[in-house]
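Take this structure first; my questions come after.
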Amino acid sequence: MVLKARENSVGAWVFAVGVVIAVTLGVITAFVLPWAKLTQYSSPIYGILVILGVAVGLSINVSGKDSQTFLLTGAVLVIVSRFGMESVTGSLIGIGLGDAVTSTFSALLTLFVPATIIVAIKTVFSMTRI
């Protein structure tokens with residue numbers, strides 16, 4: 001029988017749902033929604049992603065080496081997503097995928113940035129405890 005830790009299960013599920021929403025949003029905005037509908041619904045959808053990012057940051061129990069791993073991977077994801085929006089989209093515009101990649105990376109940034117910031121703040125406060 002395999003025992004599973006449950007302390008991060010809520011954070012893991014919220015994170016998984018957020019990633020699925022971000023990737024789905026990126027694909028839908030590029031290929032399905034017209035621009036008029038996109039501008040009408042983008043603020044609430046991105047607001048939901050920010051709330052999910054905050055929930056991930058608050059619900060994930062990171063301590064010690066786990067916090068370092070989360071912060072490193074979170075920083076890498078934010079940096080790569082931001083630079084990927086500029087460099088990858090330029091090479092994919094000719095085949096019609098530039099908008100899909102840009103909107104997907106933007107949605108992922110909206111999810112990852114709040115989670116990474118909150119975990120960084122929690123890590124700083126946990127380091128200052130005596």
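Taking the stretch 94-103 as the search range and keeping residues that are of a type outside the set (S, T, N, Q) and either touching a Ser or Thr at 6+ places or on another chain (Cβ under 6 Å) or at pLDDT 85 or above (or both), which one is surrounded by the most Cβ atoms within 10 Å (Cβ to Cβ)?
Top of the filtered list is Val101.
While we're looking at this one, here's another question. Just wondering, is there one or more residues in the stretch 104-117 that are of a type in the set (Val, Ile, Thr) and at pLDDT below 80?
No, the stretch 104-117 contains no residue that is of a type in the set (Val, Ile, Thr) and at pLDDT below 80.
Okay, moving on. Determine which member of the set Val19, Val54, Val23, Val80 is touching a Pro at 6+ places or on another chain (Cβ under 6 Å) and either surrounded by 11 or more Cβ atoms within 10 Å (Cβ to Cβ) or modelled with pLDDT under 80 (or both).
Of the residues listed, the single one that is touching a Pro at 6+ places or on another chain (Cβ under 6 Å) and either surrounded by 11 or more Cβ atoms within 10 Å (Cβ to Cβ) or modelled with pLDDT under 80 (or both) is Val54.
The values are calculated or read from the model by the stated rules, or taken from the named source; none is laboratory data. Worth saying up front: this structure is predicted, and the values here are computed from it rather than measured. Here Cβ is always computed from backbone atoms with ideal geometry, including for glycine, and neighbour counts include all displayed protein chains.
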